[in-house]
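Everything below concerns the one structure shown next.
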Amino acid sequence: MADTLSHIKAPITDEMARFDAIFRESLSNNGGLLDKMLEYIMRRGGKRMRPILTLLVAKAFSKGEGAAEEDNTVIFKALHAACSLELLHTASLVHDDVVDESDKRRGQASVNASFDNRLAVLVGDFILATSLREVATAGCGAMTDAVANLGQTLAAGEVKQIENISTADFSMENYFDIIDKKTASLFECCCRLGALSAGAGEEQMVKVCEFGRNIGILFQIRDDIFDYSDSEAIGKPTGNDMREGKLTLPVLHVLRSAPDEIVGLARKVKAFDATEEDISVLIKYTREHGGIEYAQGVMEDYYRRCMDYVDSNITDASIADSLRLYVDFVVGRES
């Protein structure tokens, strides 16, 4: 996995080093308990999938025909925009763990579990404010609008998910609306900010934003499939989504033709009345009746769309290769 990420980052190695420095600096000048919490968050780190995408897109458009900005200006804007997005994403995860009452985040203790809910909310607020400062540093009003709109969309997605849990239906439409708001919008914004930093035209912007949205849908469906896996590498136990009242794509598919007994279990999941045995039965039924295969088929469709975009629109060979590897990584990742 680390080797693949190194290949993905090859065209932006220097930029990622600068990103890491900017990100750390943005959260490292406070002192006391706040500094301790921020250091805890930074230590947990991550793969930096979103900054990588932002910087690759910025580099692609800065090298393409008709590039509107000098490379140094592009990278300055893209770095601070990427930092803003990573901070916004981080803040949303801290707040989501409070809302979901989660004590784990990718196999490690969540911020609210390590400290408490009050402090987790406050540190999330601090990181959110820092995100706005970073996008302001980029000096582009359209970027500031994009980040603000994204913050609204992420919050709306969380509210929609909570609302959906309380309803009795098993709507695919609701499922895709939620992942569009909670995940796809973030990857779309990565591409938007990368393109904005290089002064991309409107037609280019529409296409690259769709590319980002498709990556986000891929990412979330892959994440949802993890919930039906026995592997501990993903950092959450099998059935965790169901314990939180969430029904995702694999089980939603099989519920369209499931017997009343299975539908009843799904209703118990949404009502938070399902036992561990109920969840195990529902997962087993989903596996045995094509739920995983269906979700993988949907992933393949979005995968093809992503690859078609790269093949048709990215002219720099090294960046095109990195973006293909990026999409492959999203589909093939195991955590």
Which residue pairs have Cβ atoms under 8 Å apart, sit 6 or more places apart or on different chains, and have a first residue in the stretch 67-91 that is within 17 Å of residue 42 (Cα to Cα) and a second that is assigned to a helix (DSSP H, G or I) and modelled with pLDDT under 90? 90/41
Listed by first then second residue, the pairs whose first member lies in the stretch 287-300 and is part of a loop (DSSP other than H, G, I, E, B), whose partner is open to solvent by less than 30 Å² (accessible area, probe 1.4 Å), with beta carbons under 7 Å and at least 6 positions apart or on separate chains, are 289/254; 290/254
Hits in the stretch 292-315 (condition: over 19 Å from the mean Cα position of the chain (by Cα) and β-branched (Val, Ile, Thr)): 292, 310, 314, 315
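Looking only at residues that are in a helix (DSSP H, G or I) and open to solvent by 20 Å² or more (accessible area, probe 1.4 Å) in the stretch 242-254, which one is nearest to residue 277 (Cα to Cα)?
243
Can you confirm whether the stretch 260-282 contains a residue that is among the hydroxyl-bearing types (Ser, Thr, Tyr) and either in a helix (DSSP H, G or I) or touching a strand residue (DSSP E or B) at 6+ places or on another chain (Cβ under 7 Å) (or both)?
yes
So which residues in the stretch 139-149 are within 22 Å of the chain's Cα centre (by Cα) and not hydroxyl-bearing (Ser, Thr, Tyr)?
Matches in the stretch 139-149: 142, 143, 145, 146, 147, 148, 149.
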Filter the stretch 1-37 down to the residues that are of a type in the set (D, E, K, R) and open to solvent by 70 Å² or more (accessible area, probe 1.4 Å), then identify the one that is nearest to residue 51 (Cα to Cα). 20
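Could you please let me know if residue 319 is over 30 Å from residue 194 (Cβ atoms) and touching a residue at least 24 places away in the same chain (Cβ under 8 Å)?
No; evaluated as a whole, the condition is false for this residue.
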Odd one out for residue 238 among (1) under 23 Å from the mean Cα position of the chain (by Cα); (2) closer than 23 Å to residue 296 by Cβ; (3) part of a helix (DSSP H, G or I): (3)
Given the criterion modelled with pLDDT of 90 or more, more than 16 Å from residue 135 (Cβ to Cβ) and of a type outside the set (D, E, K, R), identify the matching residue among 75, 52, 41. 52
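The values are calculated or read from the model by the stated rules, or taken from the named source; none is laboratory data. Keep in mind that this is a model prediction, so the values were computed, not measured. In this analysis, Cβ positions are derived from the backbone assuming ideal geometry, glycine residues included, and neighbour counts consider all displayed protein chains. With ligands, DNA and RNA removed, areas are computed over all heavy atoms of the protein, side chains included. Shrake-Rupley method; radii C 1.70, N 1.55, O 1.52, S 1.80 Å.
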